[in-house]
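Everything below concerns the one structure shown next.
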């Protein structure tokens, strides 16, 4: 055992402390035998769960050989709230607020998907105006979801400016969302058989204004990133998934299409009359981070196109189906006439029963294929409510994508997945 | 009805049980012993080619007599066709079913979640451990109908247990093996984890119910 040494340092100050004693810095024992051998072992690094680069409470345990990722073990569940269990104790309309909190970056689209699943189970056909309003809600959600993705991913890779620009645009959509639903995040926009509210005054003009001014901002982001040498070298050839792998790993949404698989629920299992809208489905070729970026940016442009078409065709007429068993009567009627009050009471107390059966209904959400699976035993509460979360399956492929890459690339790949933990953990 | 049902009957005979159509979606019940074989055939038979596993989940009904169902939602990407396959697991028998991870990689986390939430064991799964709940969670399986909505213990009891728990217990055996830190765990716990024993469900107190 070597002794503990005390070394007196030359200091710029007088070298004495307040008591006049010389300042001494004790150094630890240097024992060559005790030095850890960094060459023989791999380093184990814990990333998250509280870390901005994991985009939520995702925890990654990474085994590193130098800077090369050898193994990634993702851990999820930090935001697990038991939504599926809660849904079994609630009426179909009461589940809508839970869906705000799953994919909280695109709450309106979740609301739409949930009520459409319930309507399919109950055999309800919604009105034309309601369909168009729901298309607007879905596409606005896709835009804000992709804007968050674009801004945060650019920050992860080292570009700060796109974050400011995309969040500024997102704020405009949030203002529209707030005007429509009264909430910025917990929108609860839809009801079984209709919507919580029709569009407020002036909404259409504001939305048209947004649709005119949003593509130029995308063009600026495009100019800043798409041909940027740093962006290209950080994203091209990183986290590649071939088409076959993407299908086998169950990827969906932009992740799947960036790998060259042309599957878009809006195209291939159309809902809300999407087959009558004119839009393109962008497809990547390489399945890397760069292609995912290109696909998402193009999807935002296509969403703007869809919204413009929806505004052009927006029909007048009722938003809700004309069925007092399903839709709550207006408040004034519930207060003033007996029959409406009874319908109101029965709906609030007993809910809307669904016939015995089950349904799997999926929409194309910003993150991918969002599916809801309901099993009903004939009561007003589902026996089983299953969420098929797109980013759950997308993040499950992270080890496959990241292993063998540099650690800095792991951050880029993780960002390219576009995960949202509320939906993964539910 | 999906035409795959006829070819399934031709290929597997009485292993294919009843067929239901609900909301225009075809549901085929398959014998639990041959579920993995049937699913592999559905993926690999050239005329079927269900190459995309959309979802794996389970359903427990409110009627306690009804068996638990494992649900596989399949899609043939090229044909845009969908099919739902179910296997029934009676509750008086061990809840086990063969894993389909060798067929679809996407089944990995989906099956882990079903194990975590329903306690259904997938034999042959490469890494079957809890996913959303933590490794040493011992109160059972949250999505089972006998699991109370608010959990088995009161809030204060949950806090007490959490404070008393060994913090190492929140690490999975998998990462402990990377870190070579499993030797820091208590002897008893290490043995338990190596056996694959996830702990004992404490008797619920009479204190409160769901």
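Every number here is computed from the coordinates shown, using simple stated rules; none is lab data. Predicted model only: the values in this text are computed from it and were never measured. Neighbour counts are summed over all protein chains in view; Cβ atoms, including those assigned to glycine, are modelled from backbone coordinates with ideal geometry.
For residue A:407 paired with residue A:178, estimate the spin-label separation in nm (one decimal), with each label point 7 Å from Cα along the Cα-to-Cβ line.
Spacing of the two 7 Å Cα→Cβ label points: 4.0 nm.
Once Rh for the protein assembly as shown is found with the Kirkwood sum over Cα pairs, what is the Stokes-Einstein diffusion coefficient at 25 °C and 0.890 mPa s, in µm²/s?
Value of D from the Cα-based Kirkwood radius: 91 µm²/s.
Suppose R0 equals 22 Å; then what is the FRET efficiency for residue B:62 and residue A:94 from their Cβ-Cβ distance, rounded to the nearest 0.05?
E between residue B:62 and residue A:94, to the nearest 0.05, is 0.80.
Suppose the chain between residue B:47 and residue B:5 were pulled fully straight at 0.36 nm per residue; how much longer would it get relative to their current alpha carbon spacing?
13.9 nm
Using the per-residue mean of other Cβ atoms lying within 10 Å as a proxy for protection, in what order, highest first, do the peptides A:61-70, A:417-426, B:154-163 fall?
Descending mean neighbour count gives A:417-426, A:61-70, B:154-163.
Ranking A:349, A:108, A:116 by Cβ neighbours within 10 Å, fewest first, what do you get?
Ascending number of Cβ neighbours within 10 Å: A:349, A:116, A:108.
Over region A:311-364, what relative contact order in percent results from Cα pairs under 8 Å that are six or more residues apart?
25 percent
With a point put 7 Å past each Cα toward its Cβ, work out how far residue A:400 is from residue A:167 in nm, to one decimal.
Label-label distance for residue A:400 and residue A:167, simple model: 3.4 nm.
Report the FRET efficiency, 1/(1 + (r/R0)^6), for residue A:278 and residue B:160, where r is their Cβ-Cβ distance and R0 is 51 Å, rounded to 0.05.
Plugging the Cβ-Cβ distance into 1/(1 + (r/R0)^6) gives 0.25.
For the residue pair residue B:138 and residue A:43, what label-to-label distance in nm results when each label sits 7 Å from Cα along the Cα-to-beta-carbon direction?
With each label point 7 Å from Cα toward Cβ, the separation is 3.7 nm.
Enter the mean number of other protein chain beta carbons within 10 Å of the beta carbon of each residue in A:390-398, as an integer.
3
State whether region A:51-201 is rounded, prolate or oblate according to the following rule on the C-alpha gyration tensor (a ≥ b ≥ c being the square roots of its eigenvalues): a/c under 1.5 gives rounded; otherwise a/b larger than b/c gives prolate, and the remaining case gives oblate.
Taking the square roots of the gyration eigenvalues as a ≥ b ≥ c, region A:51-201 is oblate.
Rounded to whole Å, give me the distance from the Cα center of region A:252-328 to that of region A:349-363.
Spelled out, the Cα-based centre of one part sits 24 Å from the other.
Could you work out how far helix A:338-350 tilts from the main Cα principal axis of chain A, as a 0 to 90 degree angle to the nearest 10?
It works out to around 30 degrees.
Hey, fewest Cβ within 10 Å first, where do B:20, A:76 land in order?
With the fewest neighbours first, B:20, A:76 line up as B:20, A:76.
Hey, what did chain A get for relative contact order, percent, Cα under 8 Å, at least 6 apart?
The value is 23 percent.
Return, ordered by residue number, the residues of region A:327-349 whose backbone nitrogen is under 20 Å from a label point located 7 Å along Cα→Cβ of residue A:198.
A:327-335
At 1.306 mPa s and 10 °C, plugging the Kirkwood radius over alpha-carbon pairs of region A:172-276 into Stokes-Einstein gives what diffusion coefficient in µm²/s?
The estimated diffusion coefficient comes to 90 µm²/s.
What list do you get for B:141, B:29 if you sort them by fewest beta carbons within 10 Å?
Ordered from fewest to most neighbouring Cβ atoms within 10 Å, B:141, B:29 come out as B:29, B:141.
Can you compute the helix-only [θ] at 222 nm over chain A? Use -39500 (n - 2.57) per DSSP H run of at least 4 residues, normalise by all residues, nearest 500 deg cm²/dmol.
Mean residue ellipticity, 222 nm, calculated: -14000 deg cm²/dmol.
Evaluate the relative contact order of region A:241-366 (contact order divided by residue number), counting alpha-carbon pairs under 8 angstrom at least 6 apart; express in whole percent.
RCO, region A:241-366: 23 percent.
For a Förster distance of 51 Å, can you work out the FRET efficiency between the beta-carbons of residue A:70 and residue A:336, rounded to the nearest 0.05?
Computed FRET efficiency for residue A:70 and residue A:336: 0.10.
Arrange the peptides B:2-10, A:98-106 so that the one whose residues have, on average, the most other Cβ atoms within 10 Å appears first.
Put in order of decreasing packing, that is A:98-106, B:2-10.
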